[in-house]
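Working notes, beginning with the structure itself.
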Amino acid sequence: MDMRKLLLFPVIILIFFNCANTQAIDVIRYNISESHADPKQKYYIDLLKLILAASQDKYGEFQLKPVVVEMSQGRTSIMVQQGETIDVTWRMTSHNLEQNLQAIYIPILKGLMGVRLAIIRHDDMAIFSPNITLEQLKKMSAGQGYDWPDSDILRANGFDVIEGNAVSLLSMLEKRRFDYFPRALHEPWIEIENKSQFVVEEHFLLKYPAPMYFFTNKANHRLAQRIHEGFSAIVDSGAFNEFFLQHPVTQNILVKANLPQRKVFTLKNPLLSEKSREVLNDRSLWLDYFH
């Protein structure tokens, strides 16, 4: 063999070995708002980091990349479906959403999205008495977002719903465009912090099954599988439960909401797919309160 070829042979082998063992970093894009920053989003981003880190041995390094574009929940879903701009979103599920996007069927919030407390005007506290009935609530108007599944769920249960842009709903409540603003169990206190014109109503809650999932493009099998495997791993290890109990967004939320003192009005969710109804039966994925 030519001496020069003999000397180059180990170098070629080394280059080939390094190339074969170098994995491209998974860059995963998600949407955030700059002008309407939402502190609750940190929960989902931190959870996604934990999930991706749990799948790192198999799938390699990752980079979470925020995309700062002002868009509604519905628009983020369209962007993921089209494979443009962002790769993952998190939303309360519906049958239609699962037809268009790939759901990772592990509820992100253990059921919190389906327990709704009301933000009300401070001046209206007397209207919402301890004896308030479901029929009285239905005669009042509830504010919800244009593209929220909750709007359809409440209407299907006979509620009067006034819709608006998500960022305008508190302003609409203040201007008496509607009477109360149902929010998921972990949401209201953060949203009305330093807004003394509002309070969290103390006497009732609305309850309906409402899984919230991570969603990817249906063609992005690698990302969907990576999130599913990483999420399953932290559920099985107990790391997800620890994360949920300790994260600032969800920490002590059941105590703070004073659930035993509230009247519970249980509603139906007609938007659930058959697959999501099956998820409801897996008690390991939900807080005990939601069964």
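Every read-out reported here was derived from the displayed coordinates using simple, explicitly stated rules and does not represent laboratory data. No experiment lies behind these values; they were computed from the predicted model shown. Positions of Cβ are generated from backbone atoms using ideal geometry, with glycine treated the same way; all protein chains shown enter the neighbour counts.
By the helix-only formula, in which each DSSP H run with n ≥ 4 contributes -39500 (n - 2.57) and the sum is divided by residues, the chain has a 222 nm mean residue ellipticity of -10500 deg cm²/dmol. For the charge dipole of segment 149-188, defined by +1 on Lys and Arg C-beta atoms and -1 on Asp and Glu C-beta atoms about the Cα centroid, which residue among PHE159, LEU185, LEU173 has the Cα displaced farthest towards the positive pole? Toward the positive end, the furthest listed residue is LEU173. Each semi-axis of the equivalent ellipsoid for segment 199-249 is √(5λ) with λ an eigenvalue of the Cα gyration tensor; in descending order they amount to 29, 18, 10 Å.
About its Cα centre, the dipole of the chain is roughly 180 debye, where the only charges are +1 on Lys and Arg Cβ and -1 on Asp and Glu Cβ. Distance between the pseudo-spin-label points of VAL68 and ARG29 (7 Å out from Cα toward the beta carbon): 1.6 nm. GNM on the chain, alpha-carbon springs under 10 angstrom: the most fluctuating residue among ILE132, ILE104, ILE253 is ILE132.
Rounded if a/c is under 1.5, else prolate if a/b beats b/c, else oblate: with a ≥ b ≥ c from the C-alpha gyration tensor eigenvalues square-rooted, which is the chain? Prolate is the answer for the chain, as a/c is 1.5 or above and a/b outweighs b/c.
Given R0 = 45 Å, the distance between the Cβ atoms of GLN225 and GLN246 translates into a calculated FRET efficiency of 0.95.
In summary, the lysines within cross-link reach of LYS175, defined as a Cα separation below 16 angstrom excluding same-chain residues under 8 places away, comprise LYS195.
For ASP152 and GLU274, the FRET efficiency from 1/(1 + (r/R0)^6), where r spans their Cβ atoms and R0 equals 30 Å, is about 0.95. When each of LEU64, LEU50, LEU101 is scored by the number of other beta-carbon atoms lying within 10 Å, the sequence from fewest to most is LEU64, LEU50, LEU101.
Partner lysines whose Cα lies under 19 Å from the Cα of LYS65, excluding those fewer than 8 positions away in the same chain, are identified as LYS40, LYS42, LYS49. Sort segment 132-178 into rounded, prolate or oblate with this rule: let a ≥ b ≥ c be the square roots of the eigenvalues of the Cα gyration tensor; rounded if a/c is under 1.5, and if a/c is not under 1.5, prolate when a/b is larger than b/c, oblate otherwise. Since a/c reaches 1.5 but b/c is at least a/b, the shape of segment 132-178 is classed as oblate.
With respect to the chain, whose longest principal axis is taken over its alpha-carbon atoms, helix 73-82 is tilted by about 30°.
Only one residue of MET212, ALA233, ASN194 has its Cα farthest out toward the positive end of the dipole of segment 141-291, where Lys and Arg carry +1 and Asp and Glu -1 on Cβ, and that residue is MET212.
Would segment 64-135 count as rounded, prolate or oblate if I go by the C-alpha gyration tensor, calling it rounded below 1.5 in a/c and otherwise prolate when a/b exceeds b/c, oblate otherwise? Prolate shape, in that a/c is at least 1.5 and a/b is the bigger ratio. Springs between Cα atoms under 10 Å define the GNM used for the chain, and in it the highest mean-square fluctuation of PHE231, PHE215, PHE265 occurs at PHE265.
To the nearest ten degrees, helix 41-54 and the longest principal axis of the Cα atoms of the chain are 30 degrees apart. Name the aspartates and glutamates eligible as straight-distance cross-link partners of LYS138: C-alpha to C-alpha under 18 Å, and not fewer than 8 places from it in the same chain. Those aspartates and glutamates meeting the cut-off are ASP124, ASP150, ASP152, ASP160, GLU163, ASP179, GLU201, GLU202. Under a Gaussian network description of the chain, with springs only between Cα atoms under 10 Å, the residue in LYS207, LYS268, LYS110 that fluctuates furthest is LYS268.
Taking the DSSP bridge list for the chain and keeping only pairs wholly inside it, about 50 percent are antiparallel.
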